[in-house]
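K.L.:
If you scroll down you'll find the structure; I have some questions about it.
The values are calculated or read from the model by the stated rules, or taken from the named source; none is laboratory data. Everything quoted here is computed from the prediction, not taken from an experiment. A quick note on method: Cβ atoms are made from the backbone with ideal geometry, for glycine too, and the neighbour counts reach across all protein chains shown. For the accessible areas, the whole protein counts, side chains as well, though only heavy atoms, and no ligand, DNA or RNA atoms are used. Shrake-Rupley method; radii C 1.70, N 1.55, O 1.52, S 1.80 Å.
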Amino acid sequence: MDKDEVKKERKKTIKDNMKKSNKLFDFFHNISKNNKNLYNIKEVIIIMFFSLGIGFFTCFLIITIFNDGRSYFTINKDLNKFIDAYYTIVDNYYGEVDKDELLNSAINAMVNSVGDNFTNYSDSETATSFLETVEGTYEGIGCTISKNENGETIIVEIAKNGPSEKAGLMINDIILEIDDIETKDKTVTELSNYIKNKQEKNVSMKIIRNNEEMNIQVTKSTIEIQSVTSNIIEKNNKKIGYLNISIFSSVTDSQFNSNLDYLQKNNVDGLIIDVRNNGGGYLSSVTNIANRILKKDKIIYQLKSDNKIEKKKDTTKECLDIPIAVLTNEGSASASEILAAAIKESYGGYVVGTNTYGKGTVQQTAYLSDGSMLKYTVQNWLTPNGTWINDVGLEPTNFVELSEEYIVNPIIENDNQLQTALDILTK
């Protein structure tokens, strides 16, 4: 009997016991209502104990079901050692003890003992930041701030069509105050967290622009983080679409589709997808992107767990029919490797650059009661051909190390990996 069947059986038992309890309740209710002494004291006591027994058994089953088959008594036995150690330190250590730090350290030690670099624990603040990144949205004003050489807080980037742009803020504006809080003695992190955590939507700013002071009010809203950018590069009388993907967030696939639509409307002859230094993200996001590229029923990747292998295939009629090259390096990991492998093995495309990171595992996340997060490995993934690239990486079809010229002067002309991809697609 599997877990689902066991749970169904337990729920049926609980339901039957509930009916019995209801009958007992009706019995006592009728005694009170009719004021008739139908049973003697001994019989009433027996029935009461019988009812309490049913209630105890029901509670036991409920606790067992909602703890995935582990009873309260089993959990209590498993944790007795930890609880004893925790309270021994809290109650007897001669100095002050930070209980939160004690628990965080204990959880970290437990997770580290698994021996998997991708199974880890994050506190609530780190978990919130991670969630914002992979979700691809955040509550804010849509600008990036930094400190200049004089220690002044300046705006260095503004999101297109975001609240800051709409309010009239500009790059290089010097921010003197945020809601009457002077910025000169505050760090960038402190100011960013203040704006992010502020309950009210309106944020007042005093700025200096061209030696003129002015007050600007910005209204916070949901900002979508741009993870896909594109442009068209012409070479050898051909137009090649260039797509850069920085992360596979929950909005990356829709951004990819929008950018690809633009490139297709301009009749590009080939496509370069740049996932260099892209550490991965959501499996669903890269799956949707691969669905847009591959032909129906082509394998995108395979999932292996408990000696069972599941092949994930393209399920859509949409596909591309132009030459494609993927740019990779040692910073291309996880979802980036999945996309590169799918284009290499199932599409017949090119992978240009160096070997990828080599992360062949899949993780899930679980959020704890205080907002902290556990991330743990649940499966291995394989390339369409069944190769596990963990700790090895995906091998490019065209191995090209990035030139020193590009590192010193990062312009398109010096990007020899990109230029190699362009040569392949335009020859």
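Residue by residue, here is whether (1) open to solvent by less than 30 Å² (accessible area, probe 1.4 Å); (2) within 30 Å of the chain's Cα centre (by Cα); (3) closer than 30 Å to Asp100 by Cβ holds:
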position: Lys359; (1), (2), (3): yes, yes, no
position: Tyr367; (1), (2), (3): no, yes, yes
position: Tyr376; (1), (2), (3): no, yes, yes
position: Val400; (1), (2), (3): yes, no, no
position: Ser403; (1), (2), (3): yes, no, no
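K.L.:
Lys317 is checked against (1) in contact (Cβ under 8 Å) with a residue 24 or more places away in the chain; (2) open to solvent by 10 Å² or more (accessible area, probe 1.4 Å); (3) part of a loop (DSSP other than H, G, I, E, B); (4) under 29 Å from Ile240 (Cβ atoms) and fails just one. What number does that condition carry?
P.N.:
Unmet condition: (1).
K.L.:
Same structure again: Hey, Pro384 hits all of (1) farther than 30 Å from Lys238 by Cβ; (2) in contact (Cβ under 8 Å) with a residue 24 or more places away in the chain; (3) surrounded by fewer than 24 Cβ atoms within 10 Å (Cβ to Cβ); (4) in contact with a helix residue (DSSP H, G or I) (Cβ under 9 Å, 6 or more places away or on another chain) but one; which does it fall short on?
P.N.:
(1)
K.L.:
If I filter segment 309-319 for residues that are at pLDDT 95 or above, over 20 Å from Asp297 (Cα atoms) and in contact with a Phe, Trp or Tyr (Cβ under 6 Å, 6 or more places away or on another chain), do I get at least one hit?
P.N.:
Looking for residues that are at pLDDT 95 or above, over 20 Å from Asp297 (Cα atoms) and in contact with a Phe, Trp or Tyr (Cβ under 6 Å, 6 or more places away or on another chain), one finds none in segment 309-319, hence no.
K.L.:
So, one more: Among the residues of segment 238-274, which ones are of a type outside the set (S, T, N, Q), under 26 Å from Thr137 (Cβ atoms) and not in a strand (DSSP E or B)?
P.N.:
Ile247, Val251, Asp253, Phe256, Leu260, Asp261, Tyr262, Leu263
K.L.:
Moving on to the next point. Restricting attention to segment 412-425, which residues are open to solvent by less than 70 Å² (accessible area, probe 1.4 Å) and out of contact with any Ser or Thr (no Cβ under 6 Å at 6 or more places or on another chain)? Write out each step before concluding.
P.N.:
Keep residues of segment 412-425 that are open to solvent by less than 70 Å² (accessible area, probe 1.4 Å), which gives 414-422, 424-425.
Those that are open to solvent by less than 70 Å² (accessible area, probe 1.4 Å) and out of contact with any Ser or Thr (no Cβ under 6 Å at 6 or more places or on another chain): Asn414, Asp415, Gln417, Leu418, Gln419, Thr420, Ala421, Leu422, Ile424, Leu425.
K.L.:
Further question: Across segment 204-263, what is the total count of residues that are under 28 Å from the mean Cα position of the chain (by Cα) and among the acidic types (Asp, Glu)?
P.N.:
Selection size over segment 204-263: 3.
K.L.:
Select from segment 314-340 the residues that are of a type in the set (A, V, I, L, M) and more than 23 Å from the chain's Cα centre (by Cα) and list them in ascending order. First the steps, then the outcome.
P.N.:
Residues of segment 314-340 that are of a type in the set (A, V, I, L, M), as a first pass: 320, 322, 324-327, 333, 335, 338-340.
Hits for segment 314-340 are Leu320, Ile322, Ile324, Ala325, Val326, Leu327.
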